[in-house]
Each structure stands twice: as structure tokens, then as C-alpha cells.
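The values are calculated or read from the model by the stated rules, or taken from the named source; none is laboratory data. This structure is a prediction, so every number in the text was calculated from the model and none was measured. Every residue, glycine among them, receives a Cβ derived from its backbone with ideal geometry; neighbour counts consider all protein chains shown.
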Amino acid sequence: MKKILFVLSILFALSPFVSFAQEDAVQEGVVIQETKKEAVYFYSDSCQHCRNVDKFFTDKGFYDKYDIKKYSFDELQNKTLLSKILRDKGVQNVGIPALIIDEEIFLGDTPIIKDFERKMEASQGTASEFVAKFGKGRIDKPAEPKVSFKEKYGISLSVLTGAALVDAINPCAFAVLILLIATVLNAQGKKKALYSGLLFSLAIFVSYILMGLGVYSAITAFNLPQIISLVVGMLAVIIGLANLKDFFWYGKFFIMEVPFSWRPKMQTILKHVTSPFGALTAGFFAGFLVSLFLLPCTSGPYVVVLGLLAEKVEFAKTFTLLVYYNLIFVAPMIAITLAVSYFGVKAGKLENWRQQNLKLLHLLAGVIMTGIGIYLIATHI
């Protein structure tokens, strides 16, 4: 007896401290979660009345406020369960949507929507216990909200891929790479031509990612997403129209390629790759240097994409998307390298094909970029 009294006295003495601790927990933001009142809901995705109820629950935030256990009527197990419950209640026709609160059943969207909140507030939360008397059903797991690619990354996949394809089919990059492969092939043979072409493509890939990250950082510093999106859209239209100009009037005023005055210097850089050292390593450094010559004719689509990414995409996601973009960009370079140095396709034959289809490449680039620009402007006005 003395031990019991001793324990009770200690508990009594500690009770103020327990009370203070609970108050401190509340003050510190520690909230003891209350048990949500529950209901059991039978539905089908193909049922319009069920969709009405689902929209009502979603719009009112009831899925968050209450524990609504969803049973898909499309599951045979759940259909059998609901049939047993309704028969017990004297209902012969099994239908949905059906909602159970405690032991009360509501059939049809109108009764459910009309009485749901009032009945839930007055319920005891015993719906699951009631349903369990008739057997087990298959409770749906809460569906993860579907997030589109554009919502996740700030740019649609079609726009990202389209801009990358415009860069990938650019006649500038084709011309430079064909010249590089042909030069190394004649001087050093197929094996070193293969290595040089691959290293050149890798250098372009790395340098464009680094340039992209730099431009991305510069754009994000302005923090003007709406204006940037409109500017980027107008830039895309200008680039598209400039490429269309090259389709109809190639060589007039300007061209969307490496300027003619730059080409001798670029060829000089590429010729140094034919040295014994250059054939294996300088191809990589030449790629960095040549990427600067490619900027005037390949940077347009890239800047468009970077402007969109800077609108709301964080750095980690931006890096992933730039890798995707530039893999598409260098894919034709790798294909040309393999075709010439491994499969024996003549570099002159590829250059002839490029020359014959030069205007067509500009037409494709023009159509894609103009379409992207109009889309961006229309979606941000």
C-alpha cells in the first residue's frame, strides 16, 4: 500500500511538468494529429455520377479533410462486397456511386453531395467496422497526382525536342564535322579519324552544356519570367523566319550559318588536327574552338530553350534537360563519324548530299522554330 501511495504521489508531483511539456510542444509547432472521420466510397472511373462526386470531394478538399476509403466497383471483390451490404439493407439493385457513413448508405451523386458534409460532421467514424462485417474489399491506394512533363520541367517535351532537332540538322555542324573527318581520314587513316570524330563530338557536347549553364545563370539573374518567355518566343519566330529566308533567298543579306569570313580560320584549326598529336587529342580541343564558330548559327534554338528553363526550373533539372538536348544535338555528328570512318561512306558523298539539301535543312529549321515561337507567344499572352 505504501508503494502504491508513493508512486501516486510522484505522478501527482510530475503532472504540472507533463502539462507544461504538452503546452511547450504546441508552442513549438508539434501538433498531435486528430483521427480523421472516415467514410467508405464505392465508385467507378467510367461512371459519370461518380465523377461528379469525385469532383465535389476534390473541389471542397474533403479528400484531405476526411479519410475517404475508395473501393473500385470494377473489382469483382468490391462489387460482391457492396452487393452483400445492400442486400442486408434491403436494397435489391446494386448501383454506384455508393457512400457509407457509419452504417448509413447513400446511393447516387445527388444524395451524396447534398448530405455528405452534414452527415460526416455528425458521424462516429465507424464505416470501416461496418463494412468489415460483410467481408474484405480492395481499398484503392491514394492516387499520385499526375504531373505533366511541362509542369515538372517548365518546358514541354515537344518544344525541347523540336529545338534540339533544329540544332541537330544544322548544316553548319555537318559541314565542320565532314571537313574534320575527311581531313583526318586522308592524313591518318580510319581508326584515328574515328577517334577524332568522336572526341570532336564529345567536345561539342561538353562545351555546349557549359555554355548553356552559363547562359541559364545569366538569364535567371534577371528574374523576369513572363517577359523572358515572350522575348524567347519572339526570338524563336525571328530565327525561324531567318531560316525560311535562307530557303527562298539563300546567301542574300546574311545566312544562318558560319559567316563566310570565318571559314578560313576554322579550316586552319581543323587542319592542325591532322598532326600526330592532334589526330588523337587535338580533335577534342578543336571541338571547343569550333563550337565558338558554330554559335552564330546554332545558338538560337539553344537560347530559346534556356530562356524557358530559366523561367522556373531549378539547376539540377536544367542540367538533366541540357544533357538530353545536347545528346540529340551531337547524334548526327556521331552518325557521320561512324558512317565515314567505320562504314566507309565517302566524305565527299556526304558533303554533296549536304549541299543538295542545304535549303531543305533551312526550311525544316524555319518551320519548326517559327511554330515553337508562335506557340510560346500564344501561351504567354
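Residue count for the stretch 38-66, restricted to those that are touching a residue at least 40 places away in the same chain (Cβ under 8 Å) and not aromatic (Phe, Trp, Tyr): 10. Scanning the stretch 298-339 for residues that are more than 17 Å from ILE169 (Cα to Cα) and of a type in the set (Phe, Trp, Tyr), which turns out modelled with the lowest pLDDT? By that ranking, first place goes to PHE315.
With the condition kept exactly as written, say whether any residue in the stretch 117-128 is out of contact with any helix residue (DSSP H, G or I) (no Cβ under 7 Å at 6 or more places or on another chain) and surrounded by 19 or more Cβ atoms within 10 Å (Cβ to Cβ). Checked against the condition, which is being out of contact with any helix residue (DSSP H, G or I) (no Cβ under 7 Å at 6 or more places or on another chain) and surrounded by 19 or more Cβ atoms within 10 Å (Cβ to Cβ), the stretch 117-128 yields at least one hit. If you check PHE174 against the conditions, is it at negative phi, at pLDDT below 70, part of a helix (DSSP H, G or I) and buried (at least 21 other Cβ atoms within 10 Å of the Cβ)? Yes: the conditions hold for PHE174. Entry remark, the stretch 46-55: residues being within 28 Å of THR35 (Cα to Cα) and surrounded by 15 or more Cβ atoms within 10 Å (Cβ to Cβ) number 5 in total.
Residue by residue, here is whether (1) surrounded by 19 or more Cβ atoms within 10 Å (Cβ to Cβ); (2) in contact with an Asp or Glu (Cβ under 9 Å, 6 or more places away or on another chain) holds:
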residue: LYS79; (1), (2): no, no
residue: LYS84; (1), (2): no, no
residue: ILE101; (1), (2): yes, yes
residue: PHE106; (1), (2): yes, yes
residue: ILE112; (1), (2): yes, no
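Whether any residue in the stretch 92-99 is of a type in the set (Gly, Ala, Ser), modelled with pLDDT of 90 or more and surrounded by 17 or more Cβ atoms within 10 Å (Cβ to Cβ) is what I want to check. Within the stretch 92-99, one or more residues are of a type in the set (Gly, Ala, Ser), modelled with pLDDT of 90 or more and surrounded by 17 or more Cβ atoms within 10 Å (Cβ to Cβ). Considering only the stretch 133-145, I want to know if a residue exists there that is closer than 30 Å to ALA335 by Cβ, at pLDDT below 85 and hydrophobic (A, V, I, L, M, F, W, C). The answer is no, given that none of the residues of the stretch 133-145 is closer than 30 Å to ALA335 by Cβ, at pLDDT below 85 and hydrophobic (A, V, I, L, M, F, W, C). Every condition in (1) in a helix (DSSP H, G or I); (2) at pLDDT below 70; (3) of a type in the set (Val, Ile, Thr) holds for VAL231 except the one numbered (2).
Exactly one residue out of LEU202, LEU210, LEU194 is within 30 Å of ALA339 (Cα to Cα), surrounded by fewer than 16 Cβ atoms within 10 Å (Cβ to Cβ) and at pLDDT 75 or above, and it is LEU210.
Within the stretch 60-78, the residues that satisfy the criterion of being over 12 Å from SER128 (Cβ atoms) and of a type in the set (A, V, I, L, M, F, W, C) are PHE62, PHE73, LEU76. Restricting the first member to the stretch 213-228 and to residues that are at pLDDT below 70, and the second to residues that are of a type in the set (Phe, Trp, Tyr), the beta-carbon pairs closer than 8 Å and six or more apart or on different chains are ILE228/PHE222.
List pairs: first residue in the stretch 318-338 and outside the structural domain of ILE204 (by TED's automatic domain parsing) and at negative phi, second residue among the basic types (Lys, Arg) and in a helix (DSSP H, G or I) anywhere in the structure, Cβ distance under 8 angstrom, at least six positions apart or on different chains. Between residues of the stretch 318-338 that are outside the structural domain of ILE204 (by TED's automatic domain parsing) and at negative phi and residues that are among the basic types (Lys, Arg) and in a helix (DSSP H, G or I), there is no close pair.
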